[in-house]
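Student: Sending over a structure as structure tokens; questions will come in a sec.
Rule-based calculations on the coordinates, nothing more; no lab input. Keep in mind it's a predicted model, so treat the numbers as computed, not measured. Here the Cβ positions follow ideal geometry from the backbone for every residue, glycine too, while neighbour counts run over all protein chains shown.
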Amino acid sequence: MRRLLFALLFAAACTSTSPVDRVQAYRAAVASGADVSPFLAPGARMWYDKKEGTGEPLSSGAGSYAHWDHYFGSKSTSTDWQVKDGAVSAIVRETNGFYRLLDWEPDPYRMTWWLDANGRIREALLTSIPGVGGKGRLAEFRAWAREHHPTELDYLMPNGHIDPKADRAERFAALLREWRSAAGLPAVVFTPGL
């Protein structure tokens, strides 16, 4: 079934002349777990906040947030699609188990994709859109973790910033659950890895 879905998505993307349709087909393939390599140019790269340096590889399962997003079951919706100056962009709203554990409704972010002459994605940039989402209970969690598990907090948030690499998703989830219990907050149920 997954192969049939992928074949239909890829066929639609290849026959479409719309750059938006091609990026939407790519995002649908990502969401379904299908092979996204036909949607990507060789050497495709991804940047966060600024398009500086070499970026990260953009491929199925690659990038610093790949495991984090998979573990926390990240889901997103995209709106306000635009094509401007040779790029496709959309506003993305994301939710996942990490945000739910912090009672956090995150701000949306902008995704921008640049396509090559064959309609494959060659570059992507995620930029924050400051707004009203706030940080949920992140400050409360950090204060509690600083008091009860300072070494673990330093590992999870080196230099005060979330680092999604290695085993941090699992360790963050465990510490967040412990904090919620200690704070008397209701349990948050999510199935890791969806």
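Student: If the chain between Asp107 and Asp167 were fully stretched, how many nm would it gain, using 0.36 nm times the residue separation less the Cα-Cα distance?
Tutor: Computed gain between Asp107 and Asp167 is 19.1 nm.
Student: To continue, here is another question. Can you grab the distance from the C-alpha centre of segment 55-93 to the C-alpha centre of segment 147-180, Å, no decimals?
Tutor: Each part's Cα centre sits 23 Å from the other's.
Student: When the label point is put 7 Å from the Cα of Lys50 along its Cα-to-beta-carbon vector, which residues of segment 62-87 have a backbone N closer than 15 Å?
Tutor: Counting only backbone N, you get no residues.
Student: Next up: Cα to Cα, under 29 Å, and not fewer than 8 places away if on the same chain: which lysines meet these conditions relative to Lys135?
Tutor: Lys135 reaches Lys50, Lys51, Lys75, Lys165.
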